[in-house]
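Report on the following structure.
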Amino acid sequence: MRTRSLLILFLIFTIVTTVNILPKEKFVIDKFEKYIKASLKEWNVPGIAVGIMHDGYLILGKGYGFRDLEKKLRVTRYTLFPIGSSTKAFTSFVVGKLVEEKAFNWSDPVINYLPGFELYDPWVTKNFRIVDLLIHNSGLPRHDMVWYGSDRSREELIKGFKYLMNNEGLRTAFQYQNLMFMTAGYLSGQVKNSTWEKLVKEYIFNPIEMEGSNFSVKESEKTGNYALPYMEKDGKIIKIPFYREMEGIGPAGSINSNIYDMLKWVKLQLDKGIWNEKEVISKKNLKKIHTPHIVAGETIVQIFEKFPEISYPAYGLGWFINHYRGTNLIHHGGNIDGFSALVTFMPDIKSGVVILTNKGSNLLTYATAFHIYDKLRGLKQIDWNGRFKKVLEERKKDKAEKAEKEKKNKILEEGPHDPLNLLVGNYSNPAYGEVVISQKGEKLYIKFHKFESSMKHDGGNEFQTEASAMEGMIIKFTKNIDGKITGISAPLETSVDNIIFTKK
């Protein structure tokens, strides 16, 4: 379908209020708009952009609510949102294109192209394939605090991999991860003497005319039509700063886009790699990307497994894959400070739904997508808003009870702390970087990446952070046999032992 024809269809389908989809059902846009406005209030979400395709046709692409609450600026179909980890599918697509160009094979060892790539075990390093970068099977947990808030480059992050602790073996378990997708993007740029960003433009943005999409908050701000980030605190919505340190981890989550561009991306998936009658990626490689490679044993699964309508998900290459009410669903969410996104499609019925919101970590994305798919297929409606909110309340309660139990069971280190001036200093870890401990009056302060916090005494030489992304974290100062302060330990990755920083 030509771009001009696509635009005409888009205008036709967004002007009408009722579109016949199935003999049993009508997708009534007026009714949907009432639903979405009520849902925004129920989830306390400022703004949302919704895109819908069915049987290959565009049904809806529209914004609701506000991209800027204070100025009352509304979301439109061209409002830019960060899509977070929905970026991962773009990276898998780029890798697939390079396989087609014979730059490398899926099964080639990573070290053939990145000699500096080194993991926790020499055998794992030697046998780690390019496809493994895209499956979350490295044996490493998230280790997100390596990059979160840091301005280190991709090269610098990769150099620290050999110091990261694993808690599983290679290909033995699914553990959602950002660092390996970052590596896949970096490797792609290296073999082409280019960058991941340029390759995404060359292989995706330009061919399918995703003209509004970009890779940085600065670029979004230049357009004037971008959503601001919000979070909920004590029942109130507050504006928070943009997360701007995305360059290092870029291939895992840095794309910003609008609902109109993202519908083009979904259409490319549904049309099996064809755009304007031209092959953008081979059907064979796109099928490999959409095929399950590992059972997905965490993340959204912990919520999905409670409902019989949703099968246990697998993971392809940058996509989650499972059945929703008997039909194959391919999807990936995305979360970054102040934003939640969801990109989904059902190949069997050539339908797709994209949801972009400007509130962090909310499940309005999946609730809305499932509501839409039920309507499109003429199925009895399920109250997904109510279901998800109930599960989240239960999880919140369980978390609070667990924290209270841990607090009661915690054995405080006896005695006072060492003199504060002896605890002050710079502490370093080869993978995580540097921690700076300073003193102001009778209080210690910690600085790690862009995060800073005061700390309160928690018994002996243990202190608890009071603010920022590290709030509530127990920092313990360690000594040698002579009683000299030698380092600190911090639970920056809870799946492994505390991360040790050595005093300089």
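Values as computed for the structure displayed
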read-out: Filter result (charged (D, E, K, R), in contact with a helix residue (DSSP H, G or I) (Cβ under 8 Å, 6 or more places away or on another chain) and over 28 Å from Ile204 (Cα atoms)) within segment 278-307; value: Lys306
read-out: Listing of helices (runs of 4 or more DSSP H) fully contained in segment 334-451 that carry 2 or more residues being surrounded by 21 or more Cβ atoms within 10 Å (Cβ to Cβ), in contact with a strand residue (DSSP E or B) (Cβ under 6 Å, 6 or more places away or on another chain) and not assigned by TED's automatic domain parsing to the domain that holds Glu232; value: none
read-out: Of residues in segment 318-333 being touching a residue at least 24 places away in the same chain (Cβ under 8 Å) and surrounded by fewer than 19 Cβ atoms within 10 Å (Cβ to Cβ), the one farthest from Met180 (Cα to Cα); value: Arg325
read-out: Filtered residue count, segment 456-475, keeping only those that are surrounded by 18 or more Cβ atoms within 10 Å (Cβ to Cβ) and within 17 Å of Met145 (Cβ to Cβ); value: 4
read-out: Residue within segment 149-161 that is in a loop (DSSP other than H, G, I, E, B), over 27 Å from Ser361 (Cα atoms) and modelled with pLDDT of 95 or more present; value: yes
read-out: Tally of residues being over 20 Å from Asn285 (Cα atoms) and assigned to a strand (DSSP E or B) across segment 306-333; value: 5
read-out: Counted residues, segment 254-297 - those being touching a Leu at 6+ places or on another chain (Cβ under 7 Å), of a type outside the set (A, V, I, L, M, F, W, C) and assigned to a strand (DSSP E or B); value: 2
read-out: Selection status of Tyr230, assigned by TED's automatic domain parsing to the domain that holds Ile274 and closer than 28 Å to Leu58 by Cα; value: no
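Here is a yes/no grid of residues against (1) of a type in the set (A, V, I, L, M, F, W, C); (2) buried (at least 24 other Cβ atoms within 10 Å of the Cβ):
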{"site": "Lys97", "(1), (2)": "no, no"}
{"site": "Ser107", "(1), (2)": "no, no"}
{"site": "Phe117", "(1), (2)": "yes, no"}
{"site": "Asn127", "(1), (2)": "no, no"}
{"site": "Val146", "(1), (2)": "yes, yes"}
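The values are calculated or read from the model by the stated rules, or taken from the named source; none is laboratory data. Since this is a predicted model, take the numbers as computed values, not measurements. Neighbour counts run over all protein chains shown; Cβ positions are idealised from the backbone, glycine included.
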